Amino acid sequence: MNKSLGKVCVVGLGYIGLPTASLLATKGYQVHGVDVSRTAVDGINRGEIHIYEPDLDVLVKSAVQSGRLKASLEPSSADVFIIAVPTPFKDGHVPDLSFVEAATKSIAGWVQPGNLVILESTSPVGTTEQVAQWLRATNPKLALPAAKQKATSGRGPASAQVFVAHCPERVLPGRIMRELVENDRVVGGLDPASAEKAAAFYRTFVAGQVLLTDCRTAEMCKLTENAFRDVNIAFANELSIICDKLSVDVWELIRLANHHPRVKILQPGPGVGGHCIAVDPWFIVNSAPDEARLIRTAREVNDSKPAQVVAAVRQHAAKLKKPVIACLGLSFKADIDDLRESPAIEIVCRLAEEKLGTILVVEPYVSALPAKLAALPVRLVQLQAALVQADIILLLADHREFRAVDRKALNGKIVLDTRGAWR
């Protein structure tokens with residue numbers, strides 16, 4: 001067994017925290033994982049996972065069996081603390097930092113001089129500075145740098161201070177284990193010494209480049225990456241709405257337009273989901289509401305797409321006596337179990353609430369309906385049963401299983417393919 005590289009405390013064992021914790025353990029760190037869910041903690045300590053991600057089960061089992069990964073409801077002392085908790089928004093698209101605040105305060109009593117505290121949660125600009133303030137308020141004995149202040153300025157040796165940095169994750173669900181290692185990382189320090197300290201840590205397990213900056217730029221970088229993608233998706237979604245009105249095949253249109261050497265239009269869909277693209281642009285809008293006009297409009301276009309899908313189903317359902325509507329897919333993208341901010345769930349909810357027909361749902365990556373749907377007249381069924389019973393088939397997530405459907409099974413059905421998977 002390799003000598004331990006040090007101890008890391010990872011707070012939040014979800015889609016980012018658990019893969020990160022297990023990866024660090026297999027790289028030689030002693031990892032103490034923290035989560036508020038006892039079910040998740042107990043499962044991890046048995047070498048089991050509570051989320052789906054390719055290869056994660058093998059990595060967690062290996063990390064636990066090696067003795068390098070242990071999960072708990074409470075933090076412990078460490079050399080490096082990683083905060084990887086959710087950052088949703090409240091009504092009015094106002095960022096909700098309560099999870100980050102709670103996580104920060106939970107570790108404050110364990111943090112010692114020389115320790116490194118890293119915020120990985122995607123956050124509004126200024127959050128890393130707020131983390132330092134929460135640490136200072138909770139544990140006044142800690143020596144923390146001011147933003148952009150030189151590490152030794154008025155603080156004595158840099159080793160006596162606590163280092164604080166932001167390093168946003170930038171991985172794709174379904175490829176997290178590979179991208180945690182291969183992707184470049186942007187590290188923003190509260191001060192230069194914090195950036196250097198964090199960069200040295202990431203270089204022990206990241207094969208991509210580790211790029212240094214200040215914490216505000218790092219925060220804005222992650223928000224910018226997702227806002228860029230959101231704007232481009234909005235263009236494709238708006239095109240699909242226009243094409244419906246003009247009786248143009250949007251998939252054919254995009255295929256032809258993309259033959260231009262400087263055009264690369266993305267594919268439209270039923271909306272935008274996931275905890276990043278559907279959320280992060282609102283952080284920019286909230287911080288600069290008068291300036292972020294294009295970013296706001298893109299969010300509004302993408303948020304309006306589920307209503308367009310429901311309208312299309314409503315139009316077809318009105319022509320049938322007792323329509324059976326099969327909704328294929330609940331996750332926000334193909335071949336994962338992540339339901340966060342999924343437009344598919346919103347669409348199924350609206351269909352059920354409007355009582356447009358009997359609603360069947362097929363989702364191979366979940367064993368039970370999410371709470372939001374469980375209270376509605378919606379049934380989770382197998383794919384074959386849905387294909388046989390349905391009058392209307394609505395494809396919402398292009399899982400491999402759905403893409404492989406024999407097209408003969410669709411004969412005589414009204415097919416609404418929001419992903420272009422059956423072209």
Original post:
Where residues in the stretch 335-347 are touching a Lys or Arg at 6+ places or on another chain (Cβ under 7 Å) and open to solvent by 10 Å² or more (accessible area, probe 1.4 Å), which of them is nearest to His399 (Cα to Cα)?
Top reply: Asp335
Original post:
Being in a loop (DSSP other than H, G, I, E, B), closer than 29 Å to Ile284 by Cα and touching a Leu at 6+ places or on another chain (Cβ under 7 Å), is that true of even one residue in the stretch 102-121?
Top reply: no
Subject >> The lone exception for Arg255 - which of (1) part of a helix (DSSP H, G or I); (2) modelled with pLDDT under 95; (3) not polar (S, T, N, Q) it fails >> reply: (2)
Original post:
Conditions: (1) touching a residue at least 12 places away in the same chain (Cβ under 8 Å); (2) surrounded by 16 or more Cβ atoms within 10 Å (Cβ to Cβ); (3) small (Gly, Ala, Ser). Gly109 meets all but one. Number of the miss?
Top reply: (2)
**OP:** Please find, among Arg293, Arg262, Arg299, the residue that is basic (Lys, Arg) and buried (at least 18 other Cβ atoms within 10 Å of the Cβ).
**Re:** Arg299
Subject >> Considering residues of the stretch 146-172 that are aliphatic (A, V, I, L, M), farther than 17 Å from Val206 by Cα and not in a loop (DSSP other than H, G, I, E, B) only, the residue modelled with the lowest pLDDT >> reply: Ala158
Original post:
Given Phe205, Phe228, Phe235, Phe201, which one is in a loop (DSSP other than H, G, I, E, B), modelled with pLDDT of 95 or more and aromatic (Phe, Trp, Tyr)?
Top reply: Phe205
Subject >> Qualifying residues in the stretch 281-290 (those that are of a type outside the set (Asp, Glu) and over 23 Å from Pro343 (Cβ atoms)) - the one surrounded by the fewest Cβ atoms within 10 Å (Cβ to Cβ) >> reply: Pro289
Subject >> Subset of the stretch 122-143 [in a loop (DSSP other than H, G, I, E, B), among the polar types (S, T, N, Q) and closer than 28 Å to Trp282 by Cα] >> reply: Thr122, Ser123
Original post:
For the stretch 350-360, how many residues are of a type outside the set (S, T, N, Q) and open to solvent by 10 Å² or more (accessible area, probe 1.4 Å)?
Top reply: 6
Subject >> Residue, surrounded by the fewest Cβ atoms within 10 Å (Cβ to Cβ), within the stretch 302-334, restricted to residues that are polar (S, T, N, Q) and within 24 Å of Leu387 (Cβ to Cβ) >> reply: Gln315
Original post:
Out of curiosity, is Val85 assigned to a loop (DSSP other than H, G, I, E, B), open to solvent by less than 10 Å² (accessible area, probe 1.4 Å), under 30 Å from Leu142 (Cα atoms) and modelled with pLDDT of 95 or more?
Top reply: no
**OP:** Using the structure shown, decide if Lys408 is of a type in the set (Lys, Arg), over 22 Å from Leu339 (Cβ atoms) and open to solvent by 90 Å² or more (accessible area, probe 1.4 Å).
**Re:** yes
Original post:
Looking at the stretch 265-280, which of its residues are open to solvent by 60 Å² or more (accessible area, probe 1.4 Å) and free of Cβ contacts under 8 Å to residues at least 60 places away in the same chain?
Top reply: Leu266
Original post:
Just to be sure, is Ala102 over 18 Å from Ala198 (Cα atoms) and of a type in the set (A, V, I, L, M)?
Top reply: yes
Original post:
Pairs, please: C-beta under 9 Å, at least 6 apart or cross-chain, first residue farther than 23 Å from Arg296 by Cα and in the stretch 235-248, second loosely packed, with under 15 Cβ neighbours inside 10 Å?
Top reply: Val248/Ile242
Original post:
Take the residues of the stretch 173-198 that are buried (at least 18 other Cβ atoms within 10 Å of the Cβ), assigned to a helix (DSSP H, G or I) and not β-branched (Val, Ile, Thr): which is farthest from the chain's Cα centre (by Cα)?
Top reply: Ala193
Subject >> Spans of helices (runs of 4 or more DSSP H) in the stretch 329-423 with at least 1 residues at pLDDT below 95 >> reply: 371-374
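The values are calculated or read from the model by the stated rules, or taken from the named source; none is laboratory data. Note that the coordinates shown come from a computational prediction; the quantities given were computed from them, not determined experimentally. So basically every Cβ, Gly included, is an ideal-geometry build from the backbone, and we count neighbours across all protein chains shown. Quick note on the areas: whole protein, heavy atoms, side chains included, nothing else; ligands and nucleic acids left out. Shrake-Rupley method; radii C 1.70, N 1.55, O 1.52, S 1.80 Å.
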